[in-house]
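Just below is one structure, and these are the notes that go with it.
The values are calculated or read from the model by the stated rules, or taken from the named source; none is laboratory data. Please read all numbers here as calculations on a predicted model, not as lab measurements. In this analysis, Cβ positions are derived from the backbone assuming ideal geometry, glycine residues included, and neighbour counts consider all displayed protein chains.
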Amino acid sequence: MKRFVVLVLDSFGIGEMDDVKKVRPQDVGANTYRSVLKSNPKLKIPNLEKLGIANAAEMKIGRIEFSKDAVYGIGNLMHFWCDTFYGHQELMGTFPKKPKTEPFYEAIDEVEKVLKKSGYSVERFGSPREVLVVNECATVGDNLEADLGQVYNITGALDLISYEKLLEIGRAVRKVVKVPRVIAFGGKNVTIEDIKNAYECKEEVFGGINAPKSGVYKNGYQVQHMGYGIDSAVQLPKILEGVAKTILIGKVADIVENPNGKSIFCVDSGKVMDVLIEEIKSNDNVFICANIQETDLAGHQEDAIRYGNRLEVVDRKLKKLMNLLDDEDILVVTADHGNDPTIGHSNHTRERVPILIYKKGLSGKYIGERKTLSDIGQSVAEYFGKVLPDNGESFLEKL
């Protein structure tokens, strides 16, 4: 059997990166690990402890001690800011390209032009900053939930337009804008009026649709994230074709292209772990990546207690997972950025992340501080006899 499993604890950072004072001063002092553990003095995560979470964070807190058996390292973010989408693209082998931060009103003329040229009916709506209404079934504007100016949303009423047609609008927009992400999504049992009635403008600059208020999340929700400078041909799912099956579980299934593999979307932490365990049982030549999203959601909610609870849910099932792995298999537990629930804001935090490695019979090794999350992806590729052409340096020789 050859199984390489990557478990992403979404947002579980272990301290601010060196460039934070310059690029994200609001994150100075961030340390998600420290904040969560100090807020949960009775936290029980014995399996993460044994894997070396305190070692990677260089800090023991409360019950969480250093582990003499740990095989671990530290990961730095190469992508700009601290983003779940780009963190996973980087992990999959993409060399991050610098996108542009720009409110939608600065791109609206070009987007309107390309949509009309493509044959769409386009009208402007909203004040003081306009959004576009396309074919009276979808809107294009700023994302109001992520960092402002970094994401544009295509919000659709899926009773009026098919999801495939909505994606075509998204791809047309993606071709002419340079913001990090364009997200095309929609739901059923909503009208275009429901969507327009959820229009909001933040800071008199960012005009968009309040997605939760619009109702698109409630029924038949479908979504695809389209990143700037992302080429799926250089990423693990494509590189491993014909060599190993790729299975994506949780939020990673939404944001990484996996056309010839298996993608399973779920949010509940216990369910993600159960699905992961079942897929490990059922496959013997496979790369599996699973994302625990609820830790990130707790960070956004600034709820350190719930964050700790979600870690305990994962940890309780982690031992069962490790017991399924044989002598050849490798497990990596890592993260994509931080989300310190006590930093004073509800956004992601730019932090280093742990790289915790389990391989049966292996103990007491340090793989160093890695400059990019792509080192994990390159290690997966080497494990299966392949090379990622875009980014990353394998650490397998250190094991």
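Some notes on this structure:
- Evaluating residue 82 against the criteria (1) more than 30 Å from residue 378 (Cβ to Cβ); (2) in contact with a His (Cβ under 6 Å, 6 or more places away or on another chain) leaves one unmet condition, (1).
- Complete set of residues in region 236-293 that are under 20 Å from residue 382 (Cα atoms) and among the aromatic types (Phe, Trp, Tyr): 287
- When residues in region 238-255 are screened for being of a type outside the set (A, V, I, L, M), surrounded by fewer than 24 Cβ atoms within 10 Å (Cβ to Cβ) and at pLDDT 90 or above, 4 of them pass.
- Residue in region 191-203 that is among the polar types (S, T, N, Q) and farther than 20 Å from residue 346 by Cα present: yes
- Selected residue (only one of 267, 223, 216, 243 is assigned to a loop (DSSP other than H, G, I, E, B), closer than 23 Å to residue 85 by Cα, in contact with a Phe, Trp or Tyr (Cβ under 8 Å, 6 or more places away or on another chain) and of a type in the set (A, V, I, L, M)): 216
- Wholly within region 279-371, strands (runs of 3 or more DSSP E) carrying at least 2 residues that are buried (at least 22 other Cβ atoms within 10 Å of the Cβ): 285-292, 330-334, 353-358
- Residue check for residue 233: in a helix (DSSP H, G or I), more than 23 Å from residue 156 (Cβ to Cβ) and not acidic (Asp, Glu): yes
- Total residues in region 240-261 satisfying the condition of being out of contact with any helix residue (DSSP H, G or I) (no Cβ under 8 Å at 6 or more places or on another chain) and free of Cβ contacts under 8 Å to residues at least 40 places away in the same chain: the figure is 4.
- Check on residue 47, more than 21 Å from the chain's Cα centre (by Cα), closer than 30 Å to residue 247 by Cβ and in contact (Cβ under 8 Å) with a residue 24 or more places away in the chain: yes
- Within region 147-168, tally of residues that are touching a residue at least 40 places away in the same chain (Cβ under 8 Å), in contact with a helix residue (DSSP H, G or I) (Cβ under 9 Å, 6 or more places away or on another chain) and either part of a loop (DSSP other than H, G, I, E, B) or surrounded by fewer than 24 Cβ atoms within 10 Å (Cβ to Cβ) (or both): 2
- Qualifying positions in region 172-189 - among the aliphatic types (A, V, I, L, M) and part of a strand (DSSP E or B): 182, 183, 184
- Of all residues in region 46-80, those satisfying the criterion of being among the hydrophobic types (A, V, I, L, M, F, W, C) and either surrounded by fewer than 22 Cβ atoms within 10 Å (Cβ to Cβ) or in a strand (DSSP E or B) (or both) are 59, 61, 64, 66, 71, 74, 78, 80.
- When residue 375 is tested against the conditions (1) under 20 Å from the mean Cα position of the chain (by Cα); (2) among the acidic types (Asp, Glu); (3) in a loop (DSSP other than H, G, I, E, B), the lone failure is (3).
- For region 178-197, a residue qualifies if it is of a type outside the set (Phe, Trp, Tyr) and closer than 20 Å to residue 147 by Cβ, and the qualifying residues are 178, 179, 180, 181, 182, 183, 184.
- Condition broken by residue 12, with the remaining ones in (1) in a loop (DSSP other than H, G, I, E, B); (2) touching a strand residue (DSSP E or B) at 6+ places or on another chain (Cβ under 6 Å); (3) not hydroxyl-bearing (Ser, Thr, Tyr) satisfied: (2)
- Test: residue in region 281-288 that is in the same structural domain as residue 165 (by TED's automatic domain parsing), at pLDDT 95 or above and touching an Asp or Glu at 6+ places or on another chain (Cβ under 7 Å): no
- In the condition set (1) buried (at least 22 other Cβ atoms within 10 Å of the Cβ); (2) small (Gly, Ala, Ser); (3) over 17 Å from residue 48 (Cβ atoms); (4) touching a strand residue (DSSP E or B) at 6+ places or on another chain (Cβ under 8 Å), residue 381 is compliant with all but (4).
- The sole residue among 168, 136 that is out of contact with any strand residue (DSSP E or B) (no Cβ under 6 Å at 6 or more places or on another chain), at pLDDT 95 or above, on the phi > 0 side of the Ramachandran plot and among the charged types (D, E, K, R) is 136.
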